[in-house]
Each structure stands twice: as C-alpha cells, then as structure tokens.
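Here's the structure, in structure tokens; my notes come after.
The values are calculated or read from the model by the stated rules, or taken from the named source; none is laboratory data. All values reported here derive from a predicted model rather than from experimental measurement. So basically every Cβ, Gly included, is an ideal-geometry build from the backbone, and we count neighbours across all protein chains shown.
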Amino acid sequence: MEIGFCGTGRMGGAMVLRLLEQGHRVTIWNRTRSKATALLEQGALWAASPAELARRHDTVLSILTDARAAEAVYGGADGLLAAAAAGSLFIEMSTLTPDATKRLAAGAAAKGARLLECPVGGTVGPARDGKLLGLAAGDSAAFARAKPLLEQLCRRVDYLGPSGCGAAMKLAINLPLAVYWEALREAMSLIADTGIDPAQALAIMQESSGGANALKNRAAKIVTALAGGTPDVGFDIDGVRKDLRLMAEAASRTGTELPLAQRTLDAYDAAAGEGWGGRDASTLVAWRAGRTEP
C-alpha cells in the first residue's frame with residue numbers, strides 16, 4: 001500500500017519504520033527534513049509539503065506536536081486539505097482536545113474527504129513493534145477503511161464513536177499515568193533515607209497493589225535515573241505537561257474540575273523548570289529524590 005505520513009518525531013518515526021517493515025511504500029513530510037534522514041535511508045520517500053503528500057496519496061497519517069502544529073499542517077496553501085480530493089482519508093493520531101479534532105474533521109469533510117482521529121496509547125517501543133493502543137473516532141466508514149492499516153500499528157484498535165471521542169479517551173487514559181509517576185516519586189521519598197536499595201524497592205512495588213502496569217517496563221529507567229543516569233526517552237516530561245494542559249482545557253469546556261491533575265501539573269512544571277523537561281516522564285520519580293515538596 002502507498003501511504004503518506006506527516007510528522008516524523010520519535011513516535012512518528014517509529015511508526016514509519018513499522019510501516020516500511022510491513023511492506024508499505026511510505027512517503028514522509030516533516031517540518032525539519034534533517035530529522036527524517038534516517039527514515040529516508042531506510043527507504044522512505046520525501047514530499048516537499050503536506051499538500052504534495054495529499055496529492056500523491058489518498059491515505060495520509062499524521063502525528064504532530066499539538067493543535068497548533070496540526071492545524072498548520074492541515075490548513076494553509078501547502079496544507080493537507082489544500083490538496084485533498086473527494087475520497088481522501090486522513091488518519092490523525094496526535095494527542096489533541098476533542099474540539100481540535102472536530103475542527104480538523106469538519107475541514108476534511110468540506111473538501112469531500114474523511115478524517116479519522118486515532119490517538120494512540122504507548123511510547124516509542126510499542127510504536128516500533130506495532131503494539132500501540134488505538135482510540136479511533138469519526139466516520140464509521142472511514143474506520144472500516146483504516147482498520148486493516150491501524151491493526152498493523154496497534155495491538156488493539158477500538159472504535160469509540162463520533163469525532164472527539166478518541167481525543168477524550170486519550171486524555172482520560174493519560175491522566176492516571178501522569179499522576180502515577182508523581183505519586184511514585186512521593187512514595188519513594190518515604191524510603192530515601194532508609195538505605196533500602198531502590199531497585200529492590202521498585203521490584204517489590206511492581207508486585208504490590210501500588211504497582212501500575214507501566215512500572216514493569218519503566219523500572220529500569222527509574223533505577224538508572226535514581227543512580228544519576230539519563231535513560232533513553234519514550235515520552236518526556238514536557239509531553240506530559242502538554243497533555244495535562246489539554247486535559248484542563250477539555251475539562252473547562254464542560255465545567256469539570258481536575259484538582260489532582262492540576263497539582264500533578266505543578267510538579268511536572270517545577271521539574272521542567274529545573275531542566276528535566278526533556279527526560280522520560282517516568283524519571284520524574286528521581287527528580288528531587290528524597291524530597292516530598294516540589
């Protein structure tokens with residue numbers, strides 16, 4: 001299958017490699033071409049603009065930083081929608097608010113195209129291995145068309161309903177995880193002065209009722225960070241901060257309060273202010289190790 005792909009950051013790049021391995025011919029566009037060099041070396045083709053991608057392919061995937069980036073890539077003279085044709089399918093996989101995805105879907109519909117939102121749960125490793133969690137929403141016919149492709153990227157793909165539902169579900173699943181890393185940081189501070197080996201403590205935590213699934217895959221990163229190292233990044237603290245702000249924005253639209261999420265954002269903001277923004281989110285546990293207050 002011939003596919004277009006917009007946005008080749010850590011997650012997008014891993015998805016492109018997965019699609020290439022599955023035998024697809026993938027043409028990519030990224031705002032900074034130099035950051036896509038490795039993918040081009042692996043066989044991906046290059047498009048000069050999002051509009052060129054849309055002209056060349058009737059199926060285009062995108063995973064972008066935020067709503068501003070998504071609206072810039074879809075809109076404008078060189079955007080995807082400028083060259084969209086009737087029957088074009090766009091699969092938008094960024095983490096956005098429900099309102100933002102609804103605007104993109106409406107823009108596609110005005111061109112006779114379809115936009116399926118499908119934000120994903122998972123980090124770079126699962127993206128590379130085709131084991132993401134897909135949260136699809138939008139036109140049901142678009143989902144039926146996209147599902148075989150999404151199943152090559154995801155271990156599970158759910159159709160959740162009309163536009164906005166996928167974005168809402170993605171924010172919902174990200175909130176407990178964001179809170180968990182801060183809760184685990186505070187928990188580890190309780191044993192910081194005891195002499196207990198952090199690796200042993202985390203191993204016990206994994207087997208307890210206080211262990212989240214994510215800890216099983218991230219414990220080694222946390223131990224490295226607690227020892228002063230800088231492990232590789234799957235999803236960074238700055239990304240969590242962005243998502244927590246999106247949660248607050250979405251909640252404000254419905255009059256919902258998220259006091260725990262706000263308190264958690266305060267901790268992530270403080271960590272970022274001390275230079276931790278680019279570190280893996282799980283390593284928040286090592287930030288100010290031994291202290292309970294940000």
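Structure data summary
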| item | result |
| --- | --- |
| Count of the stretch 104-119 residues which are modelled with pLDDT under 95 and within 18 Å of the chain's Cα centre (by Cα) | 0 |
| In the stretch 236-294, residue surrounded by the fewest Cβ atoms within 10 Å (Cβ to Cβ) [restricted to those that are at positive phi and in contact with an Asp or Glu (Cβ under 9 Å, 6 or more places away or on another chain)] | Gly290 |
| Boolean, Ala272 is in a helix (DSSP H, G or I), touching a residue at least 12 places away in the same chain (Cβ under 8 Å) and in contact with a Pro (Cβ under 9 Å, 6 or more places away or on another chain) | no |
| Pair list, Cβ under 7 Å, 6 or more apart: the stretch 200-227 residue without any contact (Cβ under 8 Å) to a residue 60 or more places away in the chain and closer than 20 Å to Trp287 by Cβ, other residue β-branched (Val, Ile, Thr) and in a helix (DSSP H, G or I) | Leu202/Ile222; Leu202/Val223 |
| Pairs with Cβ under 7 Å, 6+ apart, first in the stretch 229-243 and in the same structural domain as Gly273 (by TED's automatic domain parsing), second of a type in the set (Val, Ile, Thr) and not in a helix (DSSP H, G or I) | Gly234/Thr123; Phe235/Thr123; Asp243/Thr95 |
| Those residues of the stretch 167-223 which are among the hydroxyl-bearing types (Ser, Thr, Tyr) and closer than 25 Å to Leu96 by Cα, in sequence order | Tyr180 |
| Pair list, Cβ under 9 Å, 6 or more apart: the stretch 58-73 residue free of Cβ contacts under 8 Å to residues at least 60 places away in the same chain and of a type in the set (Asp, Glu), other residue surrounded by fewer than 18 Cβ atoms within 10 Å (Cβ to Cβ) and assigned to a loop (DSSP other than H, G, I, E, B) | Asp58/Ala85; Asp58/Gly87 |
| From the options Thr27, Thr32, residue that is among the β-branched types (Val, Ile, Thr) and without any contact (Cβ under 8 Å) to a residue 12 or more places away in the chain | Thr32 |
| Odd one out for Thr101 among (1) within 13 Å of the chain's Cα centre (by Cα); (2) crowded, with 24+ Cβ neighbours inside 10 Å | (1) |
| Selection status of Glu182, of a type in the set (Asp, Glu) and either buried (at least 23 other Cβ atoms within 10 Å of the Cβ) or under 23 Å from Val233 (Cα atoms) (or both) | yes |
| Filter result for the condition that a residue is more than 30 Å from Ser282 (Cβ to Cβ) and touching a Ser or Thr at 6+ places or on another chain (Cβ under 9 Å), over Lys147, Lys111 | Lys111 |
| Options Thr95, Thr123; residue that is within 18 Å of Ala251 (Cα to Cα) and either of a type in the set (Ser, Thr, Tyr) or surrounded by fewer than 18 Cβ atoms within 10 Å (Cβ to Cβ) (or both) | Thr95 |
| Sole residue being within 22 Å of Gly134 (Cα to Cα) and either within 18 Å of the chain's Cα centre (by Cα) or at pLDDT below 95 (or both), chosen from Gly76, Gly13, Gly87 | Gly13 |
